[in-house]
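*Asks:* This is the structure I have questions about; it appears just below.
Each reported figure results from applying straightforward, stated rules to the coordinates on display, with no laboratory input. Bear in mind that the values here come from a model prediction, so they are computed numbers and not experimental data. Using ideal geometry, Cβ is built from the backbone for each residue, glycine included, and neighbour counts are taken over all protein chains shown.
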Amino acid sequence: MIFIQMHESFNALMPLIIPEGVSDYFEMTHYSKEDKRLDIFLEELNTTPEEYQGQKLISKGFFDPITLQDFPIRGMQVYLHVKRRRWLNQDTDKVVYRNWELVAKGTRITQDFAAFLKGISGQSGT
């Protein structure tokens, strides 16, 4: 398996490869290609979720990555490996994360992708 780091020029292709709106919240860090399989690795950006604007948040890393299968590309199976970010709310001393139900209503992110991310929220160890 070959892991390939992303060059900035690939950012223009990202919206064509991953679900619509995902690039608003995630960056593609690298990908791997093996036989008829493409693995794309995404990390949530360190941007404060709208529901916590004005509060003191510090990034506390990521939840364990989750994997979901996406639509095939040119006969290749496509898997997205998603690392969701978590923050420590210094005002409440609690770990917080982006509410994907709110995101789906206010942005271009696909409802299916948001529902998937919302569904794993209960499994994120919070």
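*Asks:* Step through the residues of the range 49-54 one at a time and calculate ³J(HN,Hα) from phi using the Karplus curve (6.51 cos²θ - 1.76 cosθ + 1.60, θ = phi - 60°), rounding each to whole Hz and writing x for Gly and Pro.
*Replies:* x, 3, 5, 10, 4, x
*Asks:* Say each of Thr48 and Lys36 gets a label point 7 Å from the Cα, pointing the same way as Cα to Cβ; how far apart are those two points in nm?
*Replies:* Inter-label distance under the simple model: 4.9 nm.
*Asks:* If you add up the charges near Leu42, with Lys and Arg at +1 and Asp and Glu at -1, over every other residue whose beta carbon is less than 13 angstrom from its beta carbon, what do you get?
*Replies:* Summing Lys and Arg as +1 and Asp and Glu as -1 gives -3.
*Asks:* In a shell of Cβ-Cβ distance under 13 Å around Met76, excluding Met76 itself, what net charge do Lys and Arg (+1) and Asp and Glu (-1) give?
*Replies:* 0
*Asks:* Taking 0.36 nm per residue of sequence separation and subtracting the Cα-Cα distance, how much length would be gained by fully extending the chain between Val95 and Thr29, in nm to one decimal?
*Replies:* That pair, Val95 and Thr29, stretches by 21.3 nm at full extension.
*Asks:* Now, a different point. For the cross-link pairs Lys56/Lys83; Lys33/Lys83; Lys36/Lys83, which exceed 28 Å when the distance is taken from alpha carbon to alpha carbon?
*Replies:* Table pairs above 28 Å Cα-Cα: there are none.
*Asks:* May I pose another question? Residue by residue through the range 12-28, what is 3J(HN,Hα) from phi via Karplus (6.51 cos²θ - 1.76 cosθ + 1.60, θ = phi - 60°)? Round to whole Hz and write x for glycine and proline.
*Replies:* 5, 7, 3, x, 7, 9, 10, x, 4, x, 5, 5, 6, 10, 10, 10, 7
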